[in-house]
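Visitor: Quick one: the structure is below, questions incoming.
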Amino acid sequence: MPLHRRQFLATSAAAALLPAATRAQDDSFEVTRSEEEWRAMLTDLQYEVMREEGTERAFTSPLNDEKRAGTFLCKGCDLPLYSSETKFDSGTGWPSFYQALPNAVETKPDRKLFVTRTECHCRRCGSHLGHIFDDGPPPTGKRHCINGVSLTFRPA
Ligand SMILES: [Zn+2]
């Protein structure tokens, strides 16, 4: 299985490089906090997802079933990220939206898996939110698959 082995090694190398690259980007965000400050304000799970690009388990976030009108804010800096008007039930077990609010999220390629995915994070504090896929509903055709622990819901 030489091909399989090469792929595995390449993926491991890429994953090993990722934390340093992520840290280097933090300086460019409007809201910055030290690792200690983030640890103090977040739970372990929130820190793992928001600051280390982890993923919460599917169907664990109460926000997955949130159907009230309102706004979803970044848990890291309170920036409004998504409107309830763009939320839909994707069946994946993660809060899903077809569109972010204007000037709310930024993206970058995520090569941690064999398939390159589009990672998305808060444009103001850099906290990881989730990924954006191309199998969403109209009008955008996008599916923002977001970790509920990265969000705070504010009812309208
Ligand atoms: Zn933020």
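Visitor: Being closer than 26 Å to GLU36 by Cα, at pLDDT 95 or above, open to solvent by 60 Å² or more (accessible area, probe 1.4 Å) and not hydroxyl-bearing (Ser, Thr, Tyr) is the filter here, so list the residues in region 76-114 that pass it.
Guide: ASP78, GLU106
Visitor: Restricting the first residue to region 119-147 and requiring it to be over 29 Å from THR32 (Cβ atoms) and more than 10 Å from the ligand (Cβ to nearest atom), which pairs with a second residue that is open to solvent by less than 10 Å² (accessible area, probe 1.4 Å) and assigned to a strand (DSSP E or B) meet a Cβ separation below 6 Å and a spacing of at least six or different chains?
Guide: Filtered contacts from region 119-147: ARG143/SER96.
Visitor: Let me ask something additional. So, in region 139-156, exactly how many residues are more than 15 Å from ASP89 (Cβ to Cβ), open to solvent by 20 Å² or more (accessible area, probe 1.4 Å) and not small (Gly, Ala, Ser)?
Guide: Residues flagged as more than 15 Å from ASP89 (Cβ to Cβ), open to solvent by 20 Å² or more (accessible area, probe 1.4 Å) and not small (Gly, Ala, Ser) within region 139-156 amount to 8.
Visitor: Would you pick out the residues in region 29-59 that are more than 21 Å from LYS112 (Cβ to Cβ) and among the polar types (S, T, N, Q)?
Guide: Across region 29-59, the qualifying residues are THR32, SER34, THR43.
The values are calculated or read from the model by the stated rules, or taken from the named source; none is laboratory data. The shown structure was predicted, so the numbers you read here are calculated from the model rather than taken from an experiment. When we count neighbours, we look across all protein chains shown, and the Cβ atoms used for this are built from the backbone with ideal geometry, even at glycine. Heavy atoms of the whole protein, side chains included, go into the accessibility calculation; ligands, DNA and RNA do not. Shrake-Rupley method; radii C 1.70, N 1.55, O 1.52, S 1.80 Å.
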